[in-house]
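Enquirer: The structure that follows is given in the form of structure tokens.
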Amino acid sequence: MRLLFLRPDCQHNCYNALPMFKIRDVLIDPPLVLAPIAGHTDSLFRQAIKALGGCGLVVSELVSTEAMTRRQERTFHLTRFEEFERPVAIQIFGSDPSRMAESAVMVQDMGADIVDINVGCPVRKVVRQGGGSNLLRDLPLLERIFQAVRRSTRIPLSAKIRIGWDRNSINAVEVLKLAEACGLEALTVHGRARCDLFAGKADWSVIARVKEIAAIPIIGNGDVFEPADAGRMFLETGVDGVMIGRGVLSNPWLIRQCHDFISGRNPLAVPIRQKAEFMHSFLQRAAEGTPQAVAAGRMKRMGGYLSRGIPGGARLRALIHSARTSEEILLRIRDFLSHL
Ligand SMILES: Cc1cc2nc3c(=O)[nH]c(=O)nc-3n(C[C@H](O)[C@H](O)[C@H](O)COP(=O)(O)O)c2cc1C
């Protein structure tokens, strides 16, 4: 386990600057990762988070390899990224080794830095088709997928897993060994089983067990909602990196604040007005870059999270949700802002 040094002079019990880490030759610095969140962490959102600082790696939301290999239009939006986001991992899911391999080559040809395999999605539609967390209970198929993707690609390869299918089959250590044997170069471990969905607390002790025996970098994930949580995850599990998801949706500065914390600085304080203005300008850009038919739905989804922690946020959410168009949503936020 890496040594972390408590700084006695820091009021937050934080740590001397943590080392960055590498996924083969891809430098992850700082060692904090924006999690893939379907429906939220598209290129626009990832760029916004990168711009706030502290984020060393972004991962696209999961992309269907069935859709990719059938050249479906929607996948082009999901796999799009900008230079500014680098290093960037594109995450693929599916259950057919040859389609997974073909999609991984497409990801490589797009110029992504890393291809990531989803071995954790609990959604019934994904599981029923054999992909996502279903692979945790079909290791022979997972092995064939790992091997097929590894054989077909040159760029670094990683996977994101849950700790097992259910409480009686926690097999993250076994999956790590399989991943290493197949030539994967990093593993992200979300400390929940498939049966947990998002309930209860993530079990960081399994993440620590995986890290203890791993030869490849391990990224820990689950329940980092405050800067101190990231510090604790590094300390308690010894992971090389920490991935943060839901917390960033309602506090876009969270990764930046985690970086401040682990670097021994006081986490940046963000005034409410700045948060509300971020929300307005982000949703405005989201509206511009999204087809009219889906823009309002997307803005409502994102606005629902971004309005959390703003005084009067519940009223603002209700205003956003009852609006019919993206213009109306923006107008209502502007009106709300003028009364702050
Ligand atoms: C709405 C939603 C969508 C998600 N989409 C993905 C996804 O596309 N790929 C993936 O690997 N994980 C996905 N996740 C899981 C997150 O990446 C992460 O593992 C989980 O939220 C736990 O981390 P957190 O406690 O920091 O949020 C999703 C989670 C949520 C809530």
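Enquirer: Specify the residue that is surrounded by the fewest Cβ atoms within 10 Å (Cβ to Cβ); the eligible residues are those in the stretch 147-180 that are among the charged types (D, E, K, R) and in contact with a strand residue (DSSP E or B) (Cβ under 8 Å, 6 or more places away or on another chain).
Expert: So, considering only residues that are among the charged types (D, E, K, R) and in contact with a strand residue (DSSP E or B) (Cβ under 8 Å, 6 or more places away or on another chain), the one surrounded by the fewest Cβ atoms within 10 Å (Cβ to Cβ) is 167.
Enquirer: A follow-up question, please. Taking residue 185 as meeting all but one of (1) within 16 Å of the ligand (Cβ to nearest atom); (2) under 20 Å from residue 35 (Cα atoms); (3) open to solvent by 30 Å² or more (accessible area, probe 1.4 Å), write down the number of the exception.
Expert: Unmet condition: (1).
Enquirer: Taking the stated definitions as given, is residue 248 without any contact (Cβ under 8 Å) to a residue 60 or more places away in the chain and either buried (at least 19 other Cβ atoms within 10 Å of the Cβ) or away from the ligand (no atom under 16 Å from the Cβ) (or both)?
Expert: Judged against the criteria, residue 248 is not a match.
Enquirer: Within the bounds of the stretch 210-223, is there any residue that is in contact with a Ser or Thr (Cβ under 7 Å, 6 or more places away or on another chain), assigned to a helix (DSSP H, G or I), more than 10 Å from the ligand (Cβ to nearest atom) and not assigned by TED's automatic domain parsing to the domain that holds residue 304?
Expert: We begin by selecting, within the stretch 210-223, every residue in contact with a Ser or Thr (Cβ under 7 Å, 6 or more places away or on another chain); these are 211, 219-221.
So of that shortlist, the ones also assigned to a helix (DSSP H, G or I) come out as 211.
Okay, now just the ones that are also more than 10 Å from the ligand (Cβ to nearest atom), so 211.
Restricting the remaining residues to those that are not assigned by TED's automatic domain parsing to the domain that holds residue 304 gives 211.
Within the stretch 210-223 (the criterion being in contact with a Ser or Thr (Cβ under 7 Å, 6 or more places away or on another chain), assigned to a helix (DSSP H, G or I), more than 10 Å from the ligand (Cβ to nearest atom) and not assigned by TED's automatic domain parsing to the domain that holds residue 304), the answer is yes, since at least one residue qualifies.
Enquirer: Out of 295, 269, 276, I need the residue that is away from the ligand (no atom under 15 Å from the Cβ), of a type in the set (A, V, I, L, M, F, W, C) and outside any helix (DSSP H, G or I). Which one?
Expert: 269
Enquirer: Could you list, in sequence order, all residues of the stretch 96-146 that are open to solvent by 30 Å² or more (accessible area, probe 1.4 Å) and within 17 Å of residue 66 (Cβ to Cβ)?
Expert: 96, 98, 99, 102, 105, 106, 123, 124, 125, 128, 129, 144
Enquirer: What number goes with the only condition from (1) over 30 Å from residue 98 (Cα atoms); (2) in a helix (DSSP H, G or I); (3) hydrophobic (A, V, I, L, M, F, W, C) that residue 239 does not pass?
Expert: Unmet for residue 239, out of (1) over 30 Å from residue 98 (Cα atoms); (2) in a helix (DSSP H, G or I); (3) hydrophobic (A, V, I, L, M, F, W, C): (2).
Enquirer: Would you please list the contacts, defined by Cβ atoms under 7 Å and residues six or more apart or on different chains, that run from a residue in the stretch 317-329 that is open to solvent by 10 Å² or more (accessible area, probe 1.4 Å) to a residue that is in a helix (DSSP H, G or I) and among the charged types (D, E, K, R)?
Expert: Hits for this filter: 319/332; 321/300.
Enquirer: Still on this structure: Read through the list (1) of a type in the set (A, V, I, L, M); (2) open to solvent by 10 Å² or more (accessible area, probe 1.4 Å); (3) farther than 19 Å from residue 119 by Cα, then give the number of the only condition that residue 28 fails.
Expert: Against the list (1) of a type in the set (A, V, I, L, M); (2) open to solvent by 10 Å² or more (accessible area, probe 1.4 Å); (3) farther than 19 Å from residue 119 by Cα, residue 28 comes up short only on (2).
Enquirer: Further question: Among the listed residues 289, 297, identify the single one that is free of Cβ contacts under 8 Å to residues at least 40 places away in the same chain and not assigned by TED's automatic domain parsing to the domain that holds residue 39.
Expert: 297
Enquirer: Taking residue 324 as the residue in question, decide whether it is farther than 17 Å from residue 45 by Cβ and out of contact with any strand residue (DSSP E or B) (no Cβ under 8 Å at 6 or more places or on another chain).
Expert: In short, yes.
Enquirer: Within 14 Å of the ligand (Cβ to nearest atom) and aromatic (Phe, Trp, Tyr): does that describe residue 45?
Expert: Values: within 14 Å of the ligand (Cβ to nearest atom): yes; aromatic (Phe, Trp, Tyr): yes.
Answer is yes for this residue.
Enquirer: Restricting to the stretch 76-98, give me the number of residues that are in contact with a strand residue (DSSP E or B) (Cβ under 9 Å, 6 or more places away or on another chain) and either basic (Lys, Arg) or modelled with pLDDT of 95 or more (or both).
Expert: Narrowing the stretch 76-98 to residues in contact with a strand residue (DSSP E or B) (Cβ under 9 Å, 6 or more places away or on another chain): 78-79, 81-82, 85-94.
Pick out the ones that are also either basic (Lys, Arg) or modelled with pLDDT of 95 or more (or both) and you get 79, 81-82, 85-94.
Within the stretch 76-98, residues that are in contact with a strand residue (DSSP E or B) (Cβ under 9 Å, 6 or more places away or on another chain) and either basic (Lys, Arg) or modelled with pLDDT of 95 or more (or both) number 13.
Enquirer: Cβ-Cβ below 6 Å, separation at least six or inter-chain, first residue in the stretch 208-231 and closer than 24 Å to residue 269 by Cα, second assigned to a loop (DSSP other than H, G, I, E, B) and open to solvent by 20 Å² or more (accessible area, probe 1.4 Å): which pairs?
Expert: Going by the 6 Å Cβ cut-off, the qualifying pairs are 227/267.
Enquirer: Listed residues 114, 49; which is modelled with pLDDT of 95 or more and under 26 Å from residue 250 (Cβ atoms)?
Expert: One residue alone meets the criteria, 49.
The values are calculated or read from the model by the stated rules, or taken from the named source; none is laboratory data. Nothing here was measured: the structure is a model prediction, and the numbers come from that model. Every residue, glycine among them, receives a Cβ derived from its backbone with ideal geometry; neighbour counts consider all protein chains shown. With ligands, DNA and RNA removed, areas are computed over all heavy atoms of the protein, side chains included. Shrake-Rupley method; radii C 1.70, N 1.55, O 1.52, S 1.80 Å.
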